[in-house]
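As structure tokens, the structure follows; a few thoughts come after it.
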Amino acid sequence: MMKLTRLMLSLLLLVVLLFVAGCSSTVKSTSKDPNMTAIKTVLEHQFTGPDSEFIEGTENTEKLEEYYEKRYKSYFTEERYNSFIAASAYTYVLLAYNNDKEIKAEKVDVRTEEGWYHFNVTVSYGEAGNGQNSAEVTGKAKINDDGKITNVQYLNDGGLTSNLEN
């Protein structure tokens, strides 16, 4: 009887250890996804600022181009990089700068679904030193086999644009 109890306890312990090991390995594999890391980095840059380099770049086009190239170019295909810079890269930081506000990506969540990387970004915003508000920006991105972003779509900015304008 004693041997049977020990055997059952040993088997139970083995099952629990395998379950824990299996759960932790899936968490590690998703958190190490370089595509998710790339998207998070781009979003953190896009929704944080303005910093001194950006402010300096608003008065010097060459410095602004260097600023964007350093932050974004390595993450995008050449074609998508150019359209991202032209249409999206500076929208929120420039709005904040023009209205004496600051923004900061507080939390960035990225998950995969049906071939897309869906994201939620919690962005705090407000005048420096004053109470901060927050908005939730949602969207999705596509990445090619080379690990470069080929598409970014913003689905909802949670009122961030209009709140930065006011």
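The values are calculated or read from the model by the stated rules, or taken from the named source; none is laboratory data. Since this is a predicted model, take the numbers as computed values, not measurements. All Cβ positions, glycine included, derive from the backbone under ideal geometry; neighbour counts span all protein chains shown. Areas reflect the complete protein model, heavy atoms only, side chains present, ligands, DNA and RNA absent. Shrake-Rupley method; radii C 1.70, N 1.55, O 1.52, S 1.80 Å.
In the set (1) crowded, with 16+ Cβ neighbours inside 10 Å; (2) under 14 Å from the mean Cα position of the chain (by Cα); (3) part of a strand (DSSP E or B), residue 125 fails one condition alone, (2). Before we move on, is residue 100 open to solvent by 70 Å² or more (accessible area, probe 1.4 Å), without any contact (Cβ under 8 Å) to a residue 60 or more places away in the chain, closer than 13 Å to residue 42 by Cα and outside any helix (DSSP H, G or I)? No.
For segment 103-118, the candidate set comprises residues that are under 24 Å from residue 53 (Cβ atoms), touching a residue at least 24 places away in the same chain (Cβ under 8 Å) and of a type outside the set (A, V, I, L, M); within that set, the residue that is surrounded by the fewest Cβ atoms within 10 Å (Cβ to Cβ) is 106.
Only a single item in (1) crowded, with 19+ Cβ neighbours inside 10 Å; (2) under 23 Å from residue 35 (Cβ atoms) is not met by residue 67, and it is number (2). With respect to (1) modelled with pLDDT of 95 or more; (2) under 19 Å from residue 150 (Cα atoms); (3) polar (S, T, N, Q), the lone exception for residue 134 is condition (2).
Scan segment 47-66 residue by residue and report those that are among the aliphatic types (A, V, I, L, M) and touching a residue at least 60 places away in the same chain (Cβ under 8 Å). Listed by number, the list is empty, since nothing qualifies.
Checked against the criteria, residue 142 does not count as part of a strand (DSSP E or B), open to solvent by 80 Å² or more (accessible area, probe 1.4 Å), among the charged types (D, E, K, R) and touching a residue at least 12 places away in the same chain (Cβ under 8 Å).
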